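Here the structure is laid out as structure tokens; the discussion comes afterwards.
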Amino acid sequence: MAEVARRLVQKVVTGGPKLALAAANYSKPRLATFWKYARVELTPPTPGEIPVAVESFKGLVASFKAGSYKQITVKDALRNTLVATEVVMWFYIGEVIGRRSLIGYNV
């Protein structure tokens, strides 16, 4: 039994650097792509973009009042529902992280 454990440890020690190098080579282009998009997508809005967002929201409300949501396809409705669910779940995850607990606030 000790011989098996010794060989396992020896394989891990000798193969570890190869595995680490392979992981680094695999992840470098993917991390570069991630940072490329993260710099653009995760930046806060500039003061010039805020009025554009407000007008876009006003247009969304106007189209909802006009009943254009009745013309949406099932596929688009499902997609919109999934996006809304994802946004709500990220909000809840942020709340859990902020509270540092799954249980509610101490009141």
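The values are calculated or read from the model by the stated rules, or taken from the named source; none is laboratory data. All values derive from a computational prediction rather than experimental measurement. Quick reminder, even Gly has a Cβ in these numbers, built from the backbone with ideal geometry, and neighbours come from all protein chains shown. Just so you know, the surface numbers come from the protein's heavy atoms only, side chains and all, with ligands and any DNA or RNA stripped out. Shrake-Rupley method; radii C 1.70, N 1.55, O 1.52, S 1.80 Å.
With the condition kept exactly as written, say whether any residue in the stretch 84-98 is open to solvent by less than 70 Å² (accessible area, probe 1.4 Å), part of a loop (DSSP other than H, G, I, E, B) and not basic (Lys, Arg).
Looking for residues that are open to solvent by less than 70 Å² (accessible area, probe 1.4 Å), part of a loop (DSSP other than H, G, I, E, B) and not basic (Lys, Arg), one finds none in the stretch 84-98, hence no.
Residue check: is Leu102 under 27 Å from the mean Cα position of the chain (by Cα) and open to solvent by 90 Å² or more (accessible area, probe 1.4 Å)?
Yes: the conditions hold for Leu102.
Would it be correct to say that Leu60 is surrounded by 10 or more Cβ atoms within 10 Å (Cβ to Cβ), free of Cβ contacts under 8 Å to residues at least 40 places away in the same chain, out of contact with any Ser or Thr (no Cβ under 7 Å at 6 or more places or on another chain) and not aromatic (Phe, Trp, Tyr)?
yes
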